[in-house]
Amino acid sequence: MFTIVRKALLAPNIYLMEIEARRVAESAEPGQFIIVRTDEKGERIPLTIADYDRARGTVTIVIQTIGASTRKLCAIEEGGAILDFVGPLGRPSDLVEMSDAELAEKRIIFIGGGVGAAPIYPQVKYLAERGFKPDVIIGAKTKSIEIYRSEMEAVAANYYQATDDGSDGFHGMVTDCLKDLVINHGKLYNHAVTIGPMIMMKFVSALTKELGIPTVASLNTLMVDATGMCGACRVSIGGKMMFTCVDGPEFDAHQVNFDEAMRRQGMYKAIEAQRLEQYLETHKS
């Protein structure tokens, strides 16, 4: 069992959990993910690592309550435990493999949205610790659901908050903010990383291709076993089939078939809605 040593509500329906998982913490690198299972009958939930502390032996995850399984997970209180916490899985960020000389040549921008801010943080923190602070754009629908702002401001060279309704920072989408920085403020970037909703990453990718900025996308696909055996997480990259769990989760964004990925992501919406209805019915207060 894996103990929840800290739990916090970051925004409505968005929770942070710090899990005691020493072996995972010892091996984790930015960009990797874990699989969580609350109990023997629980669904496997893939979550990108939001932080890790090797000294404390803990790994931090951020969860948005959407369906029955995430609600069940977030119902566990601090001091409680979950059955399985498997990882680290997937390949680390390419930035981890780069030398100081290579990173010195990079002008990096991270673009995230929603809970995608959380998995961006360990990469930005890692780069800051190596002396190469990147710029960061994070989008949210409104100010009340922003997460990780203070943490990100502490490690980013420049932090840009964008909100759809203009309640905080730049008024508009993250793509509008990036375009404004490049075209109107003369910002020059030669490496972008985007993490967030699939539709957001699709449009970020389209824009960065237009602007000539090589881009990496961290995909949040359907996943079951996370070892490349089941094929549930397959994606088309440059016309070739690849598995998010073992080949990713990060890929060349300009080679990703986002339309296909989004179709696959929506395959079980009806079943998920049915499961949620059943969960809510059995957990009426």
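The values are calculated or read from the model by the stated rules, or taken from the named source; none is laboratory data. On a predicted model such as this, the values are computed, not experimentally measured, just so you know. Cβ sites come from the backbone with ideal geometry, for glycine too, and all protein chains shown count toward neighbours. Quick note on the areas: whole protein, heavy atoms, side chains included, nothing else; ligands and nucleic acids left out. Shrake-Rupley method; radii C 1.70, N 1.55, O 1.52, S 1.80 Å.
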Practice problem: Would you work out the relative contact order for the chain, in percent, from Cα pairs under 8 angstrom that are 6 or more residues apart? | Solution: 16
Quiz prompt | Sequence-distant residues sharing a close amide H with Asn158 (under 5 Å, placed H) | solution = Asp135, Val136
Quiz item: Taking a probe of 1.4 angstrom, what is the accessible area of Phe85 in Å², to the nearest 10?
Solution: 10
Practice problem: Pairs of Cα atoms under 8 Å, at least six residues apart: use those to get the relative contact order of the range 94-218, whole percent. | Solution: 26
Practice problem: Enumerate the residues in the range 76-110 having an amide nitrogen under 20 Å from the point lying 7 Å beyond the Cα of Glu129 toward its Cβ. | Solution: 87-104, 108-110
Exercise. Determine the calculated [θ] at 222 nm for the chain from helices alone, applying -39500 (n - 2.57) to every DSSP H run no shorter than 4 residues and normalising by the residue count; nearest 500 deg cm²/dmol.
Key: -8500 deg cm²/dmol
Quiz prompt | Simple label model, 7 Å out from Cα along Cβ direction - Val5 to Val246, nm | solution = 3.3
Quiz prompt | Accessible-area value, Asp94, 1.4 Å probe, nucleic acids and ligands omitted, Å² | solution = 90
Self-check item: Euclidean distance between Cα centres, the range 176-231 to the range 100-132, Å
Solution: 13
Quiz prompt | Spherically averaged projected area in nm², based on the convex hull that wraps the Cα atoms of the chain | solution = 15.1
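Just need the relative contact order of the range 130-284 here, percent rounded to a whole number, with Cα pairs under 8 Å and 6+ apart.
It comes to 14 percent, rounded to a whole number.
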Exercise. Treating the Cα atoms of the range 1-152 as identical point scatterers in vacuum, please give the log10 of the normalised Debye intensity I(q)/I(0) at q = 0.10, 0.11, 0.13 Å⁻¹, two decimals.
Key: -0.35, -0.43, -0.60
Practice problem: Any chance you could list P(r) for the range 117-190, counting all Cα-Cα pairs in 10 angstrom bins from zero, rounded to whole %? | Solution: 21, 49, 29, 2
Practice problem: Return the sequence-ordered ³J(HN,Hα) values of the range 50-55 in whole Hz as given by the Karplus equation 6.51 cos²θ - 1.76 cosθ + 1.60 applied to θ = phi - 60°, using x for Gly and Pro. | Solution: 9, 4, 8, 10, 5, 5
Self-check item: Unsatisfied cross-links (Cα-Cα over 29 Å) in the set Lys41/Lys141; Lys7/Lys284; Lys106/Lys143; Lys72/Lys240; Lys41/Lys125
Solution: Lys41/Lys141; Lys106/Lys143; Lys72/Lys240; Lys41/Lys125
Quiz item: Taking the Cα atoms only, what angle lies between the long axis of helix 198-211 and the longest principal axis of the chain, rounded to 10 degrees?
Solution: 10
Practice problem: Specify the angular offset, from 0 to 90 degrees and rounded to the nearest 10, of the alpha carbon long axis of helix 269-282 from the longest principal axis of the alpha carbons in the chain. | Solution: 50
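When ligands, DNA and RNA are left out and all protein chains stay put, how many square angstrom of accessible area per residue does the chain have with a 1.4 Å probe?
On the way: 13700 Å² over 285 residues.
So the chain comes to 48 Å² accessible per residue, rounded to a whole number.
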Quiz prompt | Stokes-Einstein D in µm²/s, Kirkwood radius over Cα pairs - the range 2-89 at 4 °C with 1.567 mPa s viscosity | solution = 102
Self-check item: the range 94-218: Cα Rg divided by the 2.2 N^0.38 Å rule of thumb
Solution: 0.97
